[in-house]
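Inspection log for the structure reproduced underneath, given as structure tokens.
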Amino acid sequence: MRKTVRLTMAQALVKFLSNQYINVDGTETRFVQGMMGIFGHGNVVGLGQALEQYQDDLPYMQGKNEQEIAHVCVAYAKQMRRRAIYACTASIGPGSLNMVTAAGTASVNRIPVLLLPSDAYADRQPDPVLQQLEHEEDYSITVNDSFKAVSKYWDRVQRPEQLMTAMLNAMRVLVDPAKTGAVTVCIPQDVQGEAYDYPVEFLEKRVWYVDRMPASEQAVARAAEVVRKAKKPVIVSGGGVRYSDAGAEVQKFAEKYGIPVAETQAGKGEVSSDSEVYLGCAGICGTSCANIITREADLIIAVGTKLNDFVTNSKAGFADKAAFVSINTSRMDAMKLDAESIVADAKLGIQALDAKLEGYSTAYTDEIKTVKEGWEKELERLCGLENEGGLNQTRVLMELQKLLTPEDNIVSASGSLPSDLERVWNVRRPGAYHLEYGFSCMGYEVSGALGVRLAEPEREVYSFVGDGGFLMGHSDLVTSIQERQKINVLLFNNSGHQCIHNLQRSQGMGTFGTEFRFREADTNGLTGTYVPVDYAALGAAYGAKTYHVTTLEELREAIADSKKSEVSTLIEIAVLPGTMTGGYENFWRVGTASVSEKASVQEAYEKLNSVVKELRKY
């Protein structure tokens, strides 16, 4: 007879999670480091009891907002290169629904996160319970079904014995490089406390081996044939390079054959910015040198990138006759743009392609050097920007590049700051640049900084966030203080959503609903003066050490002093609206109105449509 142990479902869940390990390239590490979340009546006496009982096995961290604490989990897993995670729990109803956005963030970026939303009673005896939504058409539906659209695996444990199948499938997806993302396992509040005789082997240490996916010889041969025909190829290196630890291999390959390399937000920093073939990032937020070379290339070698519109310039960033080779663990991504596909791990794929290209050389002469020199001159110009009446945002970033060290980590996600950072920030250490730009989720920045700090507590971490993003979510500034995990928030105050303000004006609109202005009675619109908000005072009220910055000298002093602080800091930097970087050799398709009473909007549509109608359709 099999040996069993009688536990509640929640107790078995905690014991199971504490015994999951991952093995990558022979290195074995614990996979689930702990659990974060917020307790309510839907989980405190079930899962909460189990976490209290086994707190030495699976530590618990208390959040202040469910979306934000789940984003801490996402950032942690991203910074750990998907080799360690925190699970996240929330109570029934609104608490659980608050995690849906974070699930989207994880799945879009292919970051593993285990979400454990509480659910309505499986036996239905007390229905409808507090915070339960009933459906007249289908009583089996709960609000947690909302997670299905943003989860890579979804399950509901209706009986305690179902936990075993549910969690094995959950782990299967969490550790799969091609399929990972948000995994949602719903746990009804009554089932959490129900007991079952669980087989001991289910609870014992389990090691998940993440074997690198090798490249097919036939696929590599086909791709090599395409490469050999190319005179001026370019590599686009994405997030898959990061998670494969393939940056050194891509750089070695590029330098060997003289192929220039452009990166994406997710891949930035994996190839050294000091390399002679490095161009910076390509796309809508890219450098001029990357976009010029990419547009003129006859072959795009995409490595570990899903080629979204911000990378492809809405498919306007490549020559009409350019060919594509794509290396990706995801077949869906590898086939995009009719690419010759190598469905494989990025490191193994680039190594296999290298083995088939001996003797190959490109036709580049001094083009790479020329465009890079042009970009360096532009960076010098940006370093000298000055504006009357306040600080220029771009100039502040150039100064921060000097003030922070290569050992520091930076985090950002939304607004104009990711665009600026992608263009002007030089990264010389893999992992130093942490940008969530797949979902570009406002409110990720402060939570993301805490996740990065937990992953690398020995490093300073700086959150680059606008006032708009900060207002969306910053409760984990309090969590960082509570947990004694120092983060530094660089809050760029430009009185609104100025990135979108720039966009609406570029498409012929005026200023409407994008700046933080008082409503005026005479116009009945948000046309008054800017709403004054003292973010430094708010941070100080939470317990952070704070600073007001209005000059570069004050910035230098604040950064120097903040490094001495043992608690989290917030530096409020007043920057002039509209002083972010502009675009370089880029194009972005947006949904401009095709009919308008404004001639300027109509003109913008005609200009946009004249480009769109010439672009490839898929």
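The values are calculated or read from the model by the stated rules, or taken from the named source; none is laboratory data. Model, not experiment: these values are computed from the prediction. Here the Cβ is made from the backbone with ideal geometry for all residues, glycine too, and neighbour counts use every protein chain on show. Protein only, heavy atoms only, side chains kept; ligands, DNA and RNA dropped before computing areas. Shrake-Rupley method; radii C 1.70, N 1.55, O 1.52, S 1.80 Å.
With N as its number of residues, the chain has a Cα radius of gyration that, divided by 2.2 N^0.38 Å, comes to 1.00. Packing order of peptides 205-215, 133-143, 90-100, 182-192, highest average first: 182-192, 90-100, 205-215, 133-143 (average count of other Cβ atoms within 10 Å over each peptide's residues). Report note on the peptides 511-523, 385-397, 601-613: ranked by the mean count of other C-beta atoms within 10 Å, highest first, their order is 385-397, 601-613, 511-523. The phi torsions of the stretch 452-457, fed into the Karplus equation with coefficients 6.51, -1.76 and 1.60 and a -60° offset, translate into couplings of 5, 4, 5, 6, 9, x Hz, rounded to whole numbers, with Gly and Pro shown as x. Measure off, as a whole percent, the carbon and sulfur share of the 1.4 Å-probe accessible area of the stretch 206-287, all protein chains present. That fraction is 49 percent. Summing charges over all other residues whose Cβ lies under 14 Å from the Cβ of residue 527, with Lys and Arg as +1 and Asp and Glu as -1, gives -1.
Net charge near residue 399: determine it from the other residues with C-beta under 13 Å of the C-beta of residue 399, scoring Lys and Arg +1 and Asp and Glu -1.
Working: positive: 395, 402, 556; negative: 386, 420, 553, 554, 557.
Net charge in that neighbourhood comes out at -2.
Between residue 426 and residue 367, what's the calculated FRET efficiency when r is the beta-carbon distance and R0 is 25 Å? Round to 0.05. Intermediate results must be reported in sequence, preceding the final value.
Values: r = 21 Å, r/R0 = 0.86.
In this case the efficiency is close to 0.70.
Residues whose amide H lies under 5 Å from that of residue 570, counting only those 5 or more places away or on a different chain, are 489, 545, 546, 547; hydrogens are built 1.01 Å from N in the peptide plane.
Using 0.36 nm per residue and subtracting the Cα-Cα separation, the extra length available between residue 208 and residue 338 on full extension is 43.4 nm.
What is the sum of charges around residue 38, taking Lys and Arg as +1, Asp and Glu as -1, for the other residues whose C-beta is under 13 Å from the C-beta of residue 38? Present the calculation step by step, with values, prior to reporting the outcome.
Numbers: positive: 64; negative: 66, 68, 476.
Around residue 38, the surrounding residues sum to -2.
With the cut-off at 1.5 for a/c, could you classify the stretch 325-472 from its C-alpha gyration tensor as rounded, prolate or oblate? It is oblate, given that a/c is not under 1.5 and a/b is not larger than b/c.
Take residue 599, project a point 7 Å from its Cα along the Cβ direction, then tell me which residues of the stretch 505-520 have their backbone nitrogen under 15 Å from it. Taking a point 7 Å out along Cα→Cβ of residue 599, the residues of the stretch 505-520 whose backbone N falls under 15 Å are 508-509. Note that the chain presents 41 Å² accessible area per residue, ligands and nucleic acids not counted, probe 1.4 Å.
Per-residue 3J(HN,Hα) values for the stretch 123-129, derived from phi via the Karplus relation 6.51 cos²θ - 1.76 cosθ + 1.60 with θ = phi - 60°, read 7, 6, 4, x, 4, x, 7 Hz in sequence order (x marks Gly and Pro). Annotation: peptides 166-175, 436-445, ranked by per-residue average of other Cβ atoms within 10 Å with the highest first, follow the order 436-445, 166-175. For residue 579, the residues 5 or more places off, or on other chains, whose built amide H falls under 5 Å of its own are 393. Rounded to the nearest 0.05, the FRET efficiency derived from the C-beta distance between residue 607 and residue 274 at R0 = 41 Å is 0.60. In terms of its C-alpha gyration tensor, the stretch 148-229 comes out prolate, because a/c is 1.5 or above and the ratio a/b outweighs b/c.
Picking from 487, 303, 371, whose Cα lies most toward the positive end of the charge dipole for the chain (charges on Cβ: Lys, Arg +1; Asp, Glu -1)? Towards the positive end, the residue furthest out is 303. Taking 0.36 nm per residue of separation and subtracting the Cα-Cα distance, full extension of the segment from residue 25 to residue 534 would add 178.3 nm.
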